[in-house]
Each structure stands twice: as C-alpha cells, then as structure tokens.
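Undergrad: Following this message is one structure expressed as structure tokens.
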Amino acid sequence: MDRERAIKAVEELLLAMGEDINREGIKETPRRVADMFAELTSGNSQSAAEHLSKTFSVSSGEMVIEKDIAFSSTCEHHLMPFFGKIAIAYIPNEKVVGLSKLARTVEVYAKRLQLQEQLTNQIANAVMESLAPKGVMVVCEAEHTCMTCRGVKKPGSKTVTYCVLGDFSQQRKTEVLSLLK
C-alpha cells in the first residue's frame, strides 16, 4: 500500500466532510486510518497455499471439521467491517493439514477487501487445491455493519453462505450442518 498517498486521501476525505485536519483530535487520524487499512488488507500479500503446504499423512478418510473460526473482514462495497465465524469441513485423501493452518487460511482471505460469498469460495478452493481432499465444505456466518449501522439498520441480522466442492454427499452436508448448530 502507498502509505503516503493513503494519508493524503484521508486528509482529503476529512476536508470534504468539513473537518479541520489540524484540529488536535484529528491531526493524527489520516496516519491512523492509513495504518488501519494496511492491517485490514494485509492478506493481499499472503498466500493460503503457503499455510496449507505443511501436511501429514493419514490412513483414515474420516471427515475433519474445524469450526467457530472467528474472523473480521472489510466489505468491498462500503469499506465497513463484517465479522463472524467460519467452519471448514473436509474429507481427507491420505493427508491432513495442521488445524491452525485452516485458521491462517481464513485470515489470508479475510484480510482483504471482500464479499462474504467470495470469502467462502476462496477458502474452499484453497483447501481443495492444496490438500486435494475427497471433498470440502466451508460455511460462513457473518454480521455486516453495512446492514446493522447504516442503510436498513437491522442489528443482529446474519448472512450465511456455504461452498461445497468435490465428493460431498447430501448426507455429509446434513451431518456438517447439524454439527455446526
């Protein structure tokens, strides 16, 4: 990210809002906002494949589910936060990955300007490409502040998205969804 350009852009936004950018409480705001956006979009410079490359051999093909992976992301439409939990279920094909690597994969994609639907699909595709499991299912439930704090103003409303890839039977989907309740 071009930090200096971002700082100047925030200064311009504040001026457009009628703020005095030399006011004590606002003086450092452009720098803080630039630093915040650098952090919120840090996933742009990361690769999920890097995290998912360390695998372990297994003889069992039983499903693995990592659930309640908390995340926060930034809506690319409004630049407002959305946050929630993600579950990743996969059926190994002779290899598994360390559980923390699934959470790191979520962070890679969450720390970008994002859409929830896209986030869900990107995680599923990364797991499928890196682990080559028999099947993968990713379920994401999130609250969007662009719906709760502005616009329609419906606090507590949640959006659920999911992506299923590979050989994931209806029975397995039902099993995963029941385990996530």
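The values are calculated or read from the model by the stated rules, or taken from the named source; none is laboratory data. Remember, predicted model here, so these are calculated numbers, not experimental data. Using ideal geometry, Cβ is built from the backbone for each residue, glycine included, and neighbour counts are taken over all protein chains shown. Remember, those area values only see protein heavy atoms, side chains included, never the ligands or the DNA or RNA. Shrake-Rupley method; radii C 1.70, N 1.55, O 1.52, S 1.80 Å.
Undergrad: Based on the mean of other beta carbon atoms within 10 Å per residue, what is the order of 37-46, 128-137, most packed first?
TA: Top of the packing list down: 128-137, 37-46.
Undergrad: Still on this model: In sequence order, what are the phi-derived ³J(HN,Hα) couplings for the stretch 157-173 according to the Karplus relation 6.51 cos²θ - 1.76 cosθ + 1.60 with θ = phi - 60°, rounded to whole Hz, with x for glycine and proline?
TA: Calculated HN-Hα couplings, in order: 6, 10, 10, 10, 10, 8, 9, 10, 10, x, 8, 10, 5, 4, 4, 5, 4 Hz.
Undergrad: Just to confirm the filter: which trypsin sites (Lys or Arg not before Pro) across the stretch 1-82 are DSSP coil and have at most 13 other Cβ within 10 angstrom of their Cβ?
TA: Hits after loop and neighbour filter: 23, 27, 54.
Undergrad: Using only Cα atoms, tell me the angle between helix 3-16 and the longest principal axis of the chain; keep it within 0 to 90° and round to the nearest 10.
TA: Value to nearest ten degrees: 60.
Undergrad: Just to confirm the filter: which GluC sites (Glu not before Pro) across the stretch 85-124 are DSSP coil and have at most 11 other Cβ within 10 angstrom of their Cβ?
TA: In loop regions of the stretch 85-124 (DSSP not H, G, I, E or B), there are no sparsely surrounded GluC sites (Glu not before Pro).
Undergrad: Another question, then. Under 5 Å between amide H atoms, partner at least 5 residues away or on a different chain: which partners does residue 168 have, H built in plane at 1.01 Å?
TA: HN-HN under 5 Å from residue 168: empty list.
Undergrad: Can you tell me the accessible area per residue over the stretch 83-181, all protein chains present, probe 1.4 angstrom, in square angstrom?
TA: That works out to 48 Å² for each residue.
Undergrad: Helix 29-40 versus the longest principal axis of the chain: what angle, 0 to 90°, nearest 10, using Cα atoms?
TA: 10 degrees
Undergrad: Please give the FRET efficiency for residue 129 paired with residue 77, using the beta carbon to beta carbon distance and R0 = 25 Å, rounded to the nearest 0.05.
TA: Result of the calculation: an efficiency of 0.40.
Undergrad: With a cut-off of at most 16 other beta carbons within 10 Å, and DSSP calling the residue loop, which GluC sites (Glu not before Pro) in the stretch 2-37 qualify? Please list them.
TA: The qualifying sites are 19, 24, 28.
Undergrad: Pop out the ³J(HN,Hα) list for the stretch 65-73 in order, Karplus 6.51 cos²θ - 1.76 cosθ + 1.60 with θ = phi - 60°, rounded to Hz; leave Gly and Pro as x.
TA: 3J(HN,Hα) across the stretch 65-73, in whole Hz: 10, 10, 10, 6, 7, 5, 8, 9, 9.
Undergrad: First select every other residue whose beta carbon is under 13 angstrom from the beta carbon of residue 32; then total the charges, Lys and Arg +1, Asp and Glu -1.
TA: -1
Undergrad: Next up: For the chain, what's the relative contact order in percent, using C-alpha pairs closer than 8 Å and at least 6 residues apart?
TA: 20 percent
Undergrad: Give me a comma-separated list of calculated 3J(HN,Hα) values for the stretch 41-54, in order, Karplus coefficients 6.51, -1.76, 1.60 applied at θ = phi - 60°, integers in Hz, x for any Gly or Pro.
TA: So the Karplus estimates, Gly and Pro as x, are 10, 5, x, 4, 9, 10, 10, 5, 4, 4, 6, 8, 7, 8 Hz.
Undergrad: At 1.4 Å probe size, with the rest of the protein present, what percent of the exposed accessible area of the chain is carbon and sulfur atoms?
TA: Heavy-atom surface of the chain belonging to carbon and sulfur, 1.4 Å probe: 51 percent.
Undergrad: For helix 116-131, report the angle its Cα long axis makes with the longest principal axis of the Cα atoms of the chain; keep it between 0 and 90° and round to the nearest 10°.
TA: That works out to roughly 40 degrees.
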